[in-house]
Amino acid sequence: MGKVPLENAKEKKTEFSLVRVKSTWKRTRGTKDNMDRADCVSDAKIYESITEQGTSWTVVSPIVFTYKVTETHNLLDPCNDTLLLGQITDPQQVEDMRKSSKPLKRFIVVDQEVYKIYGSKLTEYLEANNVLYKILALPTTEENKSMDIALKIIEEVNNFSLDRRKEPIIAMGGGVCLDIVGLAASLYRRRTPYIRVPTTLLSYIDASVGAKTGVNFANCKNKLGAYVPPVAVFLDLSFIQTIPRRHISNGLAEMLKMALMKHRGLFELLEKHGLMLLDTKFQTDKSIDGHNRLQAASRATRLAITTMLEELAPNLWEDDLNRLVDFGHLISPALEMKVLPSLLHESGLLTEEEKQRIISCMVGLELPVWHEGFTMELIQKSLQDRLKHSGGLFRMPLPVGLGQADIFNDTSYETLHRAYEKWRDELSISHCTSSIRSVKL
Amino acid sequence: MLSPNNCSHSPQTRFDLVQVNGAWTRQTEQGQGAEGKLSHAKIYEKKSEHGVSWTVVSPIVFTYRVIQCQNLLDPSNDTLLWGHLGGEERKEAAAKSKPVKRFIVIDEVVHRLYGSQVLGYFESRDVVCKILPLPTTEENKCMELVTRILEEVHEFGLDRRSEPIIAIGGGVCLDVVGLAASLYRRRTPYIRVPTTVLAYVDASVGAKTGVNFAGGKNKLGSYVPPAATFLDRSFFQTLPMRQISNGMAEMLKMALMKHPGLFQLLEAEGRRLLDTKLQPVGTDSSGHEDSAAASTRIAIETMLEELAPNLWEDDLDRLVDFGHLISPELEMRVLPALLHGEAVNIDMSFMVYVAHQRGLLTAEEKQRIIQCMLGLELPVWHQDCTLALIHKSLQERLRHSGGSLRIPLPTGLGQAEIFHDMVEENVLSQAYEKWTNELAPSGTC
């Protein structure tokens with residue numbers, strides 16, 4: 001994908017453009033006359049070559065994916081029409097819809113736990129806005145993240161009857177919920193528009209802003225899925241207030257990941273304000289102190305999102321398997337981040353001081369920095385798996401300073417082993433007295 | 001999917017994306033450009049009192065090959081193994097010392113006829129292969145079949161990018177494998193080898209994959225094209241006549257919509273093409289292409305013209321939908337009595353009467369078209385294609401097409417247009433009456 005065919009000296013390749021005249025598409029050698037007379041010229045091309053075996057054609061067809069990621073406050077306030085109209089890009093269309101009295105139709109999939117907390121607010125919102133709706137509350141956990149639940153959603157959507165293009169499915173919940181609904185939507189009618197409303201910090205900055213959807217299969221995470229992005233993502237930090245503290249830590253881990261890879265400023269922000277963000281759950285009030293907190297909370301999330309979007313937008317379908325965002329996902333998402341500062345110091349990529357700063361930051365964010373399940377065997381096995389699934393190279397993203405990174409294919413086992421030993425020695429003793437919680441991501 | 005509109009009272013900033021040392025950075029047009037790879041993707045940022053809004057615009061380029069060849073299963077022919085790669089890549093791949101692996105899904109009937117040849121091909125080239133024969137019929141075109149394929153593929157183990165899954169069979173087989181491949185690891189390359197005329201001219205050259213769901217045809221699927229499609233007419237030799245006719249209905253569809261030359265060819269030589277099963281007739285001393293070759297080539301070219309600019313059906317106005325407004329309902333209703341092409345032909349036959357009723361076709365043109373269909377041994381009428389079914393189908397069409405009917409109708413022999421309004425009640429019933437009166441006795445049921 002993505003490559004234009006090379007000229008082969010033995011084959012004569014003719015390039016054709018495609019132009020539409022009224023209802024019919026025609027290929028043309030792209031003379032100015034033909035182009036001028038056409039109603040429309042496509043970006044797609046067909047290359048034809050003729051050999052004694054027959055004719056060969058190469059089709060090159062660009063598809064442009066466009067989606068909006070929009071911050072808002074009080075998404076479920078009936079006066080805020082973002083949830084219903086926020087995906088529309090044409091301001092005139094938005095105006096027309098606001099003036100129209102025709103009721104909108106929406107199908108909403110909500111995680112069961114989220115529904116318990118926000119279900120009535122959501123219902124009030126839809127009723128107040130005169131929406132014909134169906135809410136499907138489902139338990140969306142890692143254990144039932146399967147094709148069966150995606151098909152169940154499709155069955156209900158099919159019975160509800162939605163316009164093919166104008167009535168997006170809405171998904172409200174954490175990463176698992178968003179992934180499953182995204183897959184269901186991309187399968188139904190081969191593509192159905194959908195909207196993501198992340199309700200956890202982790203999904204707010206990670207799962208929600210890219211194209212990936214998926215379910216588990218054969219005991220493997222996300223083995224089945226698609227790369228079809230939503231039409232829009234609506235970000236409201238107020239959902240975070242009902243999230244347990246340790247899940248916010250998880251989300252902060254993801255932010256730290258992006259910071260270490262790409263943004264020194266974000267790292268410093270987390271270093272300075274991490275604990276405050278954890279304590280306040282990214283919420284604010286109207287006090288001056290509240291205003292400062294708002295600054296830190298919104299700055300942190302914005303930086304996390306823009307750095308994530310920078311990495312995802314040019315590689316939406318993972319043509320390039322070298323991905324900085326894989327940092328923290330090579331070995332075991334729940335355990336990996338911990339050994340890395342030592343690894344980086346061992347590899348000469350970080351100074352001792354930088355390493356200490358990172359570890360202190362992690363401790364401050366209440367991230368576990370030690371886990372006895374994280375053995376050298378686990379590291380080795382994970383790296384072998386990585387090799388297998390990444391076209392034969394490690395493609396290991398590693399920071400090369402605070403907030404800068406590169407992709408490495410040649411980190412030796414000796415280096416890893418030394419780092420592992422150092423990590424184990426330094427951190428297992430100093431932290432065995434503090435409360436160690438195993439965090440499930 | 002258009003570029004974002006600028007809202008006049010709220011400025012947006014456009015960011016380009018540049019890759020420097022493995023990391024992507026956004027920069028404005030005015031910003032100092034670091035030297036690096038520039039992406040075609042863009043991010044637009046807009047600030048308002050509610051917060052920030054970003055719009056991501058990311059083009060993904062789908063590239064695929066459609067290659068005509070002869071003797072695909074001859075071990076000396078490279079195509080089946082490497083035809084999806086260009087010259088340079090082919091040499092690199094062939095030079096690797098690691099054993100080559102391939103997973104092949106083959107329709108079980110096709111397997112009985114060609115299975116040993118397929119195995120022989122891969123064995124003679126030392127390819128580690130797994131051949132999975134499956135009953136790929138319309139009745140089991142469902143997600144369970146996809147899951148079965150996925151389980152086997154997962155167990156076999158394939159390189160993520162360089163070992164495409166191969167599908168050998170008719171349209172159902174190609175659709176099902178295509179969907180499985182597009183789901184596995186979110187995308188796995190796959191190759192189509194159509195063995196029926198229908199699959200050759202239709203299913204194999206576009207992006208659509210799918211399975212049926214809840215009684216609806218192709219309700220689930222994706223728009224992910226294969227890495228390549230390999231077209232070898234020799235598979236047609238083992239097809240029953242009925243299957244050849246079936247495929248020629250799709251050829252006729254393209255002819256009626258946009259190619260007078262192809263229509264004349266089918267009109268004049270349809271019988272002969274059927275009898276020879278579209279096989280090459282030996283070398284013609286004048287060096288001209290024989291009509292079987294011409295007809296299949298034109299069918300593919302016209303189809304590619306219509307599909308390439310609209311791969312993901314952004315535009316719901318599609319000439320290739322001709323014959324597909326009523327037939328989905330009819331086909332599912334009488335399953336398995338009608339083959340897909342047969343249902344399509346009945347739909348087209350009715351629509352030709354509608355076109356005539358509306359003054360778009362002359363009586364003579366209508367006659368010629370129907371005669372051509374009969375010459376190809378295709379059914380032109382069916383008792384289950386009632387006026388009620390027609391109404392229901394058109395209402396469904398309206399519902400699924402954003403409120404506009406988008407009905408392609410011939411406006412001459414080999415030309416057509418798409419109409420947006422619902423067909424008037426009296427036009428429909430008069431057309432239906434004439435269609436039934438004139439064709440009922442000669443149709444099949």
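The values are calculated or read from the model by the stated rules, or taken from the named source; none is laboratory data. Predicted model only: the values in this text are computed from it and were never measured. In this analysis, Cβ positions are derived from the backbone assuming ideal geometry, glycine residues included, and neighbour counts consider all displayed protein chains.
If A:E156 satisfies all but one of (1) within 12 Å of another protein chain (Cβ to nearest Cβ); (2) more than 30 Å from A:N219 (Cα to Cα); (3) surrounded by fewer than 18 Cβ atoms within 10 Å (Cβ to Cβ), what's the number of the condition it fails?
The one condition A:E156 does not meet is (2).
Spot the failing condition for A:E366; the list is (1) in a loop (DSSP other than H, G, I, E, B); (2) over 25 Å from A:A226 (Cβ atoms); (3) modelled with pLDDT under 85, and only one is missed.
Against the list (1) in a loop (DSSP other than H, G, I, E, B); (2) over 25 Å from A:A226 (Cβ atoms); (3) modelled with pLDDT under 85, A:E366 comes up short only on (3).
Restricting region A:89-123 to residues that are modelled with pLDDT of 95 or more and of a type in the set (V, I, T), which is surrounded by the most Cβ atoms within 10 Å (Cβ to Cβ)?
Per the stated criteria, the residue is A:V109.
Select from region B:96-128 the residues that are free of Cβ contacts under 8 Å to residues at least 12 places away in the same chain and either within 15 Å of B:P75 (Cβ to Cβ) or acidic (D, E) (or both) and list them in ascending order.
Across region B:96-128, the qualifying residues are B:S116, B:E123.
Can you spot a residue in region B:177-186 that is under 23 Å from B:N246 (Cα atoms), more than 7 Å from chain A (Cβ to nearest Cβ) and within 14 Å of the chain's Cα centre (by Cα)?
Yes, because at least one residue in region B:177-186 is under 23 Å from B:N246 (Cα atoms), more than 7 Å from chain A (Cβ to nearest Cβ) and within 14 Å of the chain's Cα centre (by Cα).
Considering only region B:46-59, state which residues are free of Cβ contacts under 8 Å to residues at least 40 places away in the same chain, part of a strand (DSSP E or B) and surrounded by fewer than 20 Cβ atoms within 10 Å (Cβ to Cβ). Give the steps one after another, and end with the answer.
If we filter region B:46-59 for residues that are free of Cβ contacts under 8 Å to residues at least 40 places away in the same chain, which is where we start, we get B:46-54, B:56, B:58-59.
Those still in the list that are part of a strand (DSSP E or B) too: B:46-48, B:51-54, B:56, B:58-59.
Passing the criteria: B:K46, B:K47, B:S48, B:G51, B:V52, B:P59.
Do you know which of the residues in region B:145-160 that are under 22 Å from B:P99 (Cβ atoms), assigned to a helix (DSSP H, G or I) and over 25 Å from the mean Cα position of the chain (by Cα) is nearest to the other protein chains (Cβ to nearest Cβ)?
Just the residues of region B:145-160 that are under 22 Å from B:P99 (Cβ atoms), to begin with: B:152-160.
Checking which are assigned to a helix (DSSP H, G or I) leaves us with B:152-156.
So of that shortlist, the ones also over 25 Å from the mean Cα position of the chain (by Cα) come out as B:152, B:154-156.
Values: B:E152: 11, B:H154: 5, B:E155: 8, B:F156: 12 Å.
Only one residue fits best here, namely B:H154.
Looking only at region A:211-243, filter to residues that are assigned to a loop (DSSP other than H, G, I, E, B) and crowded, with 24+ Cβ neighbours inside 10 Å; which one of those is farthest from the other protein chains (Cβ to nearest Cβ)?
Initial filter on region A:211-243 (assigned to a loop (DSSP other than H, G, I, E, B)): A:211-212, A:218-219, A:227-231, A:236, A:243.
Still in the running and crowded, with 24+ Cβ neighbours inside 10 Å: A:211, A:228-230.
Details: A:A211: 8, A:V228: 8, A:P229: 7, A:P230: 11 Å.
If we take residues in region A:211-243 being assigned to a loop (DSSP other than H, G, I, E, B) and crowded, with 24+ Cβ neighbours inside 10 Å, then A:P230 is farthest from the other protein chains (Cβ to nearest Cβ).
Is it true that B:V172 is surrounded by 15 or more Cβ atoms within 10 Å (Cβ to Cβ), touching a strand residue (DSSP E or B) at 6+ places or on another chain (Cβ under 7 Å) and modelled with pLDDT of 95 or more? Explain how you work it out, then say what you get.
Values: surrounded by 15 or more Cβ atoms within 10 Å (Cβ to Cβ): yes; touching a strand residue (DSSP E or B) at 6+ places or on another chain (Cβ under 7 Å): no; modelled with pLDDT of 95 or more: yes.
Against the criterion (surrounded by 15 or more Cβ atoms within 10 Å (Cβ to Cβ), touching a strand residue (DSSP E or B) at 6+ places or on another chain (Cβ under 7 Å) and modelled with pLDDT of 95 or more), B:V172 does not qualify.
Hey, does region A:290-302 have a residue that's in contact with a strand residue (DSSP E or B) (Cβ under 9 Å, 6 or more places away or on another chain), within 24 Å of A:V209 (Cβ to Cβ) and basic (K, R)?
yes
Could you go through region A:70-89 and let me know if any residue there is in contact with a strand residue (DSSP E or B) (Cβ under 6 Å, 6 or more places away or on another chain), among the hydroxyl-bearing types (S, T, Y), within 14 Å of chain B (Cβ to nearest Cβ) and part of a strand (DSSP E or B).
Checking region A:70-89: at least one residue is in contact with a strand residue (DSSP E or B) (Cβ under 6 Å, 6 or more places away or on another chain), among the hydroxyl-bearing types (S, T, Y), within 14 Å of chain B (Cβ to nearest Cβ) and part of a strand (DSSP E or B).
What is the one condition in (1) more than 8 Å from chain A (Cβ to nearest Cβ); (2) in a loop (DSSP other than H, G, I, E, B) that B:Q70 does not satisfy?
Failed condition: (1).
Go through region B:66-115 and count every residue that is within 15 Å of B:T229 (Cα to Cα) and within 24 Å of the chain's Cα centre (by Cα).
So the answer is 19.
This table checks each residue for (1) modelled with pLDDT under 95; (2) over 16 Å from B:H84 (Cβ atoms); (3) not β-branched (V, I, T).
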| site | (1), (2), (3) |
| --- | --- |
| A:K3 | yes, no, yes |
| A:R27 | yes, yes, yes |
| A:D33 | yes, yes, yes |
| A:V59 | no, no, no |
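Taking the condition assigned to a helix (DSSP H, G or I), in contact (Cβ under 8 Å) with a residue 40 or more places away in the chain and out of contact with any Pro (no Cβ under 8 Å at 6 or more places or on another chain), does A:E318 pass? Give the steps one after another, and end with the answer.
Numbers: assigned to a helix (DSSP H, G or I): no; in contact (Cβ under 8 Å) with a residue 40 or more places away in the chain: yes; out of contact with any Pro (no Cβ under 8 Å at 6 or more places or on another chain): yes.
Spelling it out, it is not the case that A:E318 is assigned to a helix (DSSP H, G or I), in contact (Cβ under 8 Å) with a residue 40 or more places away in the chain and out of contact with any Pro (no Cβ under 8 Å at 6 or more places or on another chain).
Note down all Cβ pairs under 8 Å where the first residue falls in region B:353-373 and is closer than 20 Å to B:I407 by Cα, the second is among the aromatic types (F, W, Y) and surrounded by fewer than 21 Cβ atoms within 10 Å (Cβ to Cβ), and they're at least six residues apart or on different chains.
So the pair list comes out as B:Y353/B:Y432.
Between B:L389, B:L361, which is within 22 Å of B:E250 (Cβ to Cβ), at pLDDT 95 or above and part of a helix (DSSP H, G or I)?
On the way: B:L361 fails: part of a helix (DSSP H, G or I).
Of B:L389, B:L361, the one residue that is within 22 Å of B:E250 (Cβ to Cβ), at pLDDT 95 or above and part of a helix (DSSP H, G or I) is B:L389.
Tell me, please, whether a residue that is buried (at least 24 other Cβ atoms within 10 Å of the Cβ), under 30 Å from B:H84 (Cβ atoms) and hydrophobic (A, V, I, L, M, F, W, C) can be found in region B:240-249.
For region B:240-249, residues buried (at least 24 other Cβ atoms within 10 Å of the Cβ), under 30 Å from B:H84 (Cβ atoms) and hydrophobic (A, V, I, L, M, F, W, C): present.
Does B:K208 satisfy the criteria of being among the charged types (D, E, K, R) and in contact with a Gly (Cβ under 7 Å, 6 or more places away or on another chain)?
Values: among the charged types (D, E, K, R): yes; in contact with a Gly (Cβ under 7 Å, 6 or more places away or on another chain): yes.
Yes: the conditions hold for B:K208.
So which residues in region B:193-239 are buried (at least 24 other Cβ atoms within 10 Å of the Cβ) and charged (D, E, K, R), if there are any at all?
B:D202
Which one is surrounded by the fewest Cβ atoms within 10 Å (Cβ to Cβ) among residues in region A:296-321 that are more than 28 Å from A:G391 (Cα to Cα), touching a Phe, Trp or Tyr at 6+ places or on another chain (Cβ under 9 Å) and at the interface with another protein chain (Cβ under 9 Å from one of its Cβ atoms)?
Going through the qualifying residues, I end up with A:S298.
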